[in-house]
1. Going by amide H atoms built from the backbone, whose H comes under 5 Å of the H on Thr47, apart from near neighbours?
2. Whole-Hz ³J(HN,Hα) for each residue in region 101-106, computed from phi via Karplus 6.51 cos²θ - 1.76 cosθ + 1.60 with θ = phi - 60°, x for glycine and proline: what do you get?
3. Distance from the Cα centre of region 29-81 to that of region 82-136, in angstrom?
4. Whose amide H sits under 5 Å from the amide H of Arg32, counting only residues 5 or more places off or on another chain, with H placed in the peptide plane?
5. For q values of 0.18, 0.23, 0.27 Å⁻¹, compute log₁₀ I(q)/I(0) with the Debye formula on a Cα-only model of region 1-76, without solvent.
6. Let me spell out the model: positive unit charges on the Cβ of Lys and Arg, negative unit charges on the Cβ of Asp and Glu, origin at the Cα centre of region 1-125. What dipole size does that give, in debye rounded to 20?
7. Please report, in whole Å, how far the alpha carbons of the chain spread along each principal axis, starting with the longest.
8. When the Debye formula is applied to the Cα atoms of region 88-136, each taken as the same point scatterer, what base-10 log of I(q)/I(0) results at q = 0.19, 0.21, 0.32 Å⁻¹?
Amino acid sequence: MGAAMNIPYDTAYTPPVPILQVELAAPGESPRIGPLPAVVDTGSDGTLVPIDYLEQAEAIGLDEAILHGIAGGSRRVHLFEIDLHIGPLLLPGVIVAGDDDGKEVLLGRNVLNKLILLLDGPRRETELFEQRPDWR
C-alpha cells in the first residue's frame, strides 16, 4: 500500500462526518467541477450528486430509478454516468443518482467499495490509501 492521504472529518456536522474531496467530469473528459466535499455514506448503496453539479460536469444521462430512503419513502431519480476524481485517483464510468433536492454529494458503497480507506472516528480523520486494483 502506498502513502495514505489524510483528510479531516467535516466538523460543521454534529457529530463530525468523514468527507472526501471529489471532482466530476463527463466520461473521458477533464474535471469540470470541484473539488467538492463529498460525505462518505457507508449506509448508502449508491452515490447521490446534486443535478446542478451533474449538468455543469456534462454527465451522461442514462435511465431512471427508484431511490428508497432510510425512513421508508421513495422517489424517482435520474441516473448519470460520470468520471469521479478523488485526489490522484480516477474512477471512470461511475453511475450516480441525480439529486433534485439536496445540495451535497453523498458517496455510497458503489464508490466506496472501489477504494481502500480507513474511517478513524476518534481521530476524526479519513485515511485514503488507494484505489482497489480490481475496482470493477
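Nothing in this text is a laboratory measurement; each read-out follows from the coordinates by a stated rule. Everything numeric here is computed off the predicted structure, so don't read it as measured data. Using ideal geometry, Cβ is built from the backbone for each residue, glycine included, and neighbour counts are taken over all protein chains shown.
1. Ala97, Gly108, Asn110
2. 9, x, 10, 10, 7, 10
3. If you average the Cα positions of each part, the centres end up 12 Å apart.
4. For Arg32, the qualifying residues are Leu24, Ala25, Ala26.
5. -0.99, -1.22, -1.26
6. That gives region 1-125 a dipole magnitude of about 420 debye.
7. Ordered largest first, the chain gives principal extents of 38, 36, 26 Å.
8. Result of the Debye calculation: -0.77, -0.89, -1.24.
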